[in-house]
Every structure is written in structure tokens, then in C-alpha cells.
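The values are calculated or read from the model by the stated rules, or taken from the named source; none is laboratory data. All values reported here derive from a predicted model rather than from experimental measurement. Glycine also receives a Cβ, built like all others from the backbone with ideal geometry; neighbour counts cover every protein chain displayed. These accessible areas exclude ligands, DNA and RNA; they are computed on the full protein's heavy atoms, side chains included. Shrake-Rupley method; radii C 1.70, N 1.55, O 1.52, S 1.80 Å.
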Amino acid sequence: QVRLVESGGGLVQPGGSLRLSCVASGMSIQVWGMGWYRQAPGKEREWVAVMDSRGRPSYSASMKGRCTISRDTTKNAIYLQMDNLGPEDTAVYYCNTAVDQTMFWGQGTQVTVSS
């Protein structure tokens, strides 16, 4: 069974940084790509960054230049380093993967940007 567990969210001041982690089990990140999504209150879930099975990253326009997706294949984990955060980045952040056309989501981690 695929399981994704996020961590690293929290309260940060505007301009601050956070690093989110997602540890995967039941699948290999070297076989299946993984990504980060977020959902702000009252808004639809949107993708933030993805990394394919070869480790190639892609970024959405909303956070491009302010975030970096990376992975550690020895831990079967992906990370999202976010910098220069603003209130508009407040959301629940989820990691995601699709295995054999089945989508899997973590439970999410709350990121709140506020002074």
C-alpha cells in the first residue's frame, strides 16, 4: 500500500522559509514521479512542483523562483524548500504520486505565513 507522510509545515513570517518533507512507502520515487500541491482556504488544489522518476523538476508559475523540489532516493523522500514566503502561500501542502494511474495523497501539512 502506498503511503505518503508530509512534515515540516508551520507558522512563518512573511519573507521567511520552510522546508517540507514527504516520505513515501509502498513505492519507489525512482520509478514513479512525485509532486507537491497546495490548497488554500476556499480555493482549488493547485500544483506547486513535481519531480519525475529521473529527478527532473518542474515548477508552477505561482512559486517558480521561490521554491526548490529535491529528493533523497536513499530515504525515498522528496522535499520542497520554499523561500521568500508571502501570505498568499498560506495553504495545506500535500505530496502526491500516481502509481499505475492511481493517485495517492498524503495527509497534508499546514503552512501559515503571517506576521
Running a GNM on the chain with Cα contacts under 10 Å, which residue among ASP100, ASP52, ASP72 ends up with the highest mean-square fluctuation?
ASP100
Please give the contour-minus-distance gain from THR74 to TRP47: 0.36 nm per residue of separation, less the Cα-Cα distance, rounded to one decimal in nm.
7.2 nm
Are there cysteines in the chain with no second cysteine's Cβ under 4.7 Å away, and if so, which?
CYS67
In a Gaussian network model of the chain with springs linking alpha carbons closer than 10 Å, the residue among ALA91, ALA61, ALA49 that fluctuates most is ALA61
How big is the gap, in Å, between the Cα center of the stretch 32-46 and the Cα center of the stretch 61-92?
12 Å
Heavy atoms only, 1.4 Å probe, whole protein assembly: order THR112, THR97, THR74, THR68 by accessible area, highest first.
THR74, THR68, THR112, THR97
With a 10 Å cut-off between alpha carbons and a GNM built on the chain, which of THR102, THR90, THR73 moves the most?
THR102
Taking 0.36 nm per intervening residue step and subtracting the Cα-Cα distance, what contour gain separates GLN101 from ARG19 on full extension?
26.7 nm
Using a Förster distance of 25 angstrom, determine the FRET efficiency expected from the C-beta separation of ASN84 and ARG54, and round it to 0.05.
0.35
SASA check, LYS64, accessible area w/ 1.4 Å probe, all protein chains in place, rounded to nearest 10 Å², comes out at 140 Å²
Relative contact order (%) - criterion: Cα under 8 Å, at least six apart; region: the stretch 9-115:
36 percent
For the stretch 18-76, give the percent of accessible area contributed by carbon and sulfur heavy atoms, probe 1.4 Å, rounded to a whole number.
48 percent
Restricted to the chain, the DSSP antiparallel beta bridge percent, nearest 5, is 95 percent
Accessible area in the full protein assembly, largest first, 1.4 Å probe, for LEU18, LEU11:
LEU11, LEU18
